[in-house]
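No value in this document is a laboratory result; all are computed from the given coordinates. Keep in mind that what you see is a predicted model, and the values were worked out from it rather than measured. Note that each Cβ is placed from the backbone with ideal geometry, even for glycine, and that neighbours are counted across all protein chains shown.
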Amino acid sequence: MTSPMSELAELFAATGVPAAQVARVTSRLGDSAAARLREDPWRLLLVPGVGPGQADGFARRVLGPEATPGDERRCRALVTHLLMNAARAGHTATPLPDVLAELAKLRVPDPPRAVEAALDEAAVMAFIEEPDEAEDFDDMADFGAAGAPDGEPPEPPQTLAPARYGLAEEAVAEGVVRLAATAEPLLDEPALEAAPAGPAGGHGAAVTAAVRYGVSVVTGSPADVEPAITALAGAAAAGGRRVAVATATALATAAVTVPAGTTVEPLHRLLDAREVEGGIAFARGEQAPLDFDLVIVQEASALDVELAAALVEACADGTHLVLCGDPAVLPPVGPGRVLADLAESETVPVVSVNAAEDPATGAEGGAVRRLAAAVGRGELPEVDSPEREVVVVAASGDGEAVHRAVQLVIDSIPRALGIPVEDVQVVTPAWSGDAGAAALNRALKDRLNPGPGEHAGFDVGDRVVVYGALAQAPTGETGVVTAADERELEVAFAAGPVTVPVPLLPRLRHGWAITAAQAHGTRWPAVVAVLPAEAAGQLSRPMVVTAFTRARRHLSVVQAAGPALARAVGSPDTPGSRRRTRLVGLLRG
């Protein structure tokens with residue numbers, strides 16, 4: 001019997017597509033990939049990394065002369081492709097004029113009709129963005145002079161979004177409003193006064209907001225937020241409430257300190273992720289809600305809009321939800337900026353915590369915390385760390401940066417600080433480049449686990465990172481390959497072993513070195529932050545803060561970017577870095 005992958009391999013062999021793409025396309029399009037592509041070859045655009053030119057060439061080989069620029073399948077696929085590309089850059093909405101202009105560049109004969117076709121297929125949604133009341137025009141005569149007919153306001157702008165993200169953003173807004181409306185105080189006033197770190201304590205404002213309101217936000221660095229989570233869980237548990245703390249990865253759960261009986265799990269596992277064709281889905285939701293009075297999310301700045309939607313839908317009426325995160329770090333890997341949008345909307349309480357200002361501790365924090373806080377303010381101070389909590393290693397170029405990073409991982413940090421290699425994580429801005437994560441992984445593998453990569457590029461003993469979420473392991477989780485054959489890999493993650501079949505192997509990458517975006521949500525005992533010269537244009541203040549705050553005990557900074565690092569830290573915004581989302585407007589109603 002012919003397998004789905006062999007059917008796709010035959011199709012690709014007949015059309016000149018490299019056989020190496022079979023697993024990646026199957027992972028994205030599912031077992032019916034071959035049949036779907038024969039019916040509509042432009043579905044290849046649904047696979048990340050495939051461009052319009054490649055899809056057009058594939059379509060010509062599948063359809064022959066029938067493949068034309070005006071083919072409706074091509075037109076609607078290009079609309080979805082443009083919006084998904086925007087989503088990969090973090091945007092949940094794209095202005096309609098921008099989409100029409102890009103379609104014209106791609107030789108689509110009738111861009112408005114292409115948008116209509118995409119809307120008809122329901123893979124795309126259109127929205128009319130009504131202006132805020134504060135933006136209403138006071139002087140219609142002035143407006144008319146600007147060119148509007150009869151002094152009437154212009155048509156409100158329209159935006160487009162992939163349906164999955166448009167619906168998810170609306171689900172987040174609806175869920176937040178529902179939780180806020182159905183919340184009852186978790187503790188009465190005497191119990192609140194008596195709770196650990198209550199109103200008189202250092203985290204009193206955060207505890208009070210969590211107890212009184214259905215949804216609240218706690219902001220601060222990871223080191224500052226962790227004790228706040230302990231206080232929140234302790235106060236609720238002392239009052240007999242059921243509490244869950246959700247982390248980004250299983251590795252991150254080990255650092256959470258909470259009372260006995262509190263559930264601490266990766267959000268992925270808390271929502272009961274299941275493998276479905278083309279990705280994952282969550283068993284927990286409106287029909288099977290979470291059984292907790294208080295749900296606290298650690299490092300919620302890593303929440304993309306779809307995961308946030310799944311979370312709020314899984315919270316039953318009356319559940320209190322607290323999102324904790326650092327506004328100074330990178331936005332999530334996926335589209336949206338849920339934590340930032342919630343805070344910006346001013347529709348939920350937002351409490352900032354800072355250990356240096358905490359009367360209960362009076363702590364200023366260690367060198368890593370001081371450095372990260374300074375970078376968050378736009379400063380790049382000289383490092384003063386006699387205990388070698390922070391070490392800066394200069395590198396003259398990217399080649400030397402790789403050499404220094406390898407030296408730190410396999411020798412200097414274990415020997416000088418007693419931190420074993422398995423507790424050291426290399427973090428860098430990008431995957432590609434001479435000192436990107438891929439190059440660093442090659443160099444580290446050569447020293448730590450040499451091998452031919454005979455199992456889809458992996459060998460037993462390799463450290464891997466989840467690049468695309470698995471049902472048993474979320475994006476950013478790291479583990480070690482413990483067994484392999486022609487059908488699957490077995491990977492030991494912090495939560496236990498996971499069997500990854502060959503079609504899902506594109507969701508894994510080598511993980512001795514990972515990007516700052518992949519590291520978002522997890523912290524390690526020691527981090528080597530590599531700042532390459534080649535990636536100077538990718539440096540930003542949020543990226544640097546993210547990389548630096550991944551370290552708990554020790555941070556080594558391999559600095560090859562020169563003055564570009566100070567310029568990036570000193571600039572609050574990177575051009576084009578603001579994500580286009582609709583959540584603030586939806587929350588404000």
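At-a-glance table
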| quantity | calculated |
| --- | --- |
| Along each principal axis, Cα extent of the range 4-128, largest first, Å | 45, 32, 22 |
| Cα centroid separation, the range 29-97 to the range 2-22 (Å) | 18 Å |
| Isotropic mean projected area of the C-alpha convex hull, the range 433-516 (nm²) | 5.2 nm² |
| Per-residue Cβ neighbour rank within 10 angstrom, fewest leading, Thr499, Thr230, Thr249 | Thr499, Thr230, Thr249 |
| Net charge over other residues, Cβ less than 12 angstrom from the Cβ of Thr347 (K, R count +1; D, E count -1) | -2 |
| Cβ-based exposure ranking for Trp42, Trp431, in which fewest neighbours within 10 Å come first | Trp431, Trp42 |
| Kirkwood-type radius of the chain, with distances r between different C-alpha atoms, in Å | 25.7 Å |
| Order of Thr159, Thr347, Thr182 - criterion: other Cβ atoms within 10 Å of each residue's Cβ, fewest first | Thr182, Thr347, Thr159 |
| Globularity index of the range 367-570, i.e. its alpha-carbon radius of gyration over 2.2 N^0.38 Å | 1.00 |
| Backbone HN-Hα couplings from phi across the range 490-496 [Karplus 6.51/-1.76/1.60, Hz, Gly and Pro as x] | 10, 10, 8, 9, 4, 8, x |
| Ratio Rg/Rh, restricted to the range 165-363 and using Cα atoms, in which Rh is the Kirkwood radius | 0.94 |
| Relative contact order computed over the range 243-353 (Cα-Cα under 8 Å; 6+ residues apart), in percent | 24 percent |
| Structure-based [θ]222 nm, the chain - -39500 (n - 2.57) summed over DSSP H runs of at least 4, per residue, nearest 500 | -11000 deg cm²/dmol |
